[in-house]
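Report on the structure given below.
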Amino acid sequence: MIYDSIKTYRIQLDPEGTMPNIDVGVRVDGRDIPDARVDYVAMIFVDRVVHTLGERRRCLVPADGFYEWKTLDAKTKQPYAFTLRSGDPFAFGGIWDAWKEPDGGWLQSFAIITTDPNELTTTVHNRMPVILKPSEYDRWLTRDDAEHPPVDLLRPYDAGEMKGFPVDPRVGNVRNNELSLCEPFECPPNSA
């Protein structure tokens, strides 16, 4: 979501999932990674984003949950879903960018900012996305104070307000698209 000057929200999703055109250091093995570690983003805010991301390139990424994969052994990973206990939708803190492609078209993309895990997500993965509370949305999106960007919001979300549960491993294949994949999954014996 991109915040514009008349305080309305517009969804600008990139179907190809490409990274913003900024140096956030999240390219691995020649492929883009759609998140950016909070420690690096904080450094960007401090070092070079005062005139770019710090002023106008923060966004909200709406969601009602996210997945992380727990490594069970060298060959097996179990996906877990994480949601708010309330079941309410929420927004990840993100950064966005747009740039002109060689063919003259514009490419718009975003990255979800990640941070250290909270007490719940640390049992599954070594990071989690930055989740913002509705009361923090305006502060995250405002451009009024570019000298003091809201890096304090880039912290783990309260684990007590979240729940996590294993889901069907088929969720990891984009060809599988059924609601039951988001429901709690009973792991077969000796698998978790």
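The values are calculated or read from the model by the stated rules, or taken from the named source; none is laboratory data. Note that this is a predicted model, so its numbers are computed, not measured. Every residue, glycine as well, gets a Cβ built from its backbone with ideal geometry; the counts of neighbours run over all protein chains shown.
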List pairs: first residue in the stretch 83-111 and among the charged types (D, E, K, R), second residue assigned to a strand (DSSP E or B) and surrounded by fewer than 17 Cβ atoms within 10 Å (Cβ to Cβ) anywhere in the structure, Cβ distance under 7 angstrom, at least six positions apart or on different chains.
ARG85/LYS163; LYS100/TRP106; GLU101/LEU107
Do any residues in the stretch 66-78 that are under 13 Å from PHE165 (Cβ atoms) have Cβ atoms under 6 Å from those of residues that are outside any loop (DSSP other than H, G, I, E, B) and among the aliphatic types (A, V, I, L, M), where the two are at least six apart or on different chains, and which pairs are they?
TYR67/ALA81; GLN78/LEU72
Suppose we keep only residues that are buried (at least 16 other Cβ atoms within 10 Å of the Cβ) and of a type outside the set (Val, Ile, Thr) within the stretch 162-183. Which one would you say is farthest from TYR80 (Cα to Cα)?
MET162
Check on PHE185, over 18 Å from the mean Cα position of the chain (by Cα), among the hydrophobic types (A, V, I, L, M, F, W, C), at pLDDT 85 or above and closer than 22 Å to LEU72 by Cα:
no
Does THR114 meet the test of being closer than 27 Å to LEU179 by Cα and β-branched (Val, Ile, Thr)?
yes
Condition first: surrounded by fewer than 19 Cβ atoms within 10 Å (Cβ to Cβ) and hydrophobic (A, V, I, L, M, F, W, C). Can you find one or more residues in the stretch 102-110 that meet it?
yes
Pairs under 6 Å by beta carbon, first residue surrounded by fewer than 16 Cβ atoms within 10 Å (Cβ to Cβ) in the stretch 131-150, partner outside any loop (DSSP other than H, G, I, E, B), six or more apart or different chains?
ARG143/GLU55; ARG143/ARG56
So which residues in the stretch 150-189 are under 23 Å from ASN126 (Cβ atoms), assigned to a helix (DSSP H, G or I) and among the aliphatic types (A, V, I, L, M)?
VAL151, LEU153, ALA159, VAL171
Test PHE90 against the criterion of being at pLDDT 85 or above, under 24 Å from PRO62 (Cβ atoms), of a type in the set (A, V, I, L, M, F, W, C) and touching a helix residue (DSSP H, G or I) at 6+ places or on another chain (Cβ under 9 Å), and give yes or no.
yes
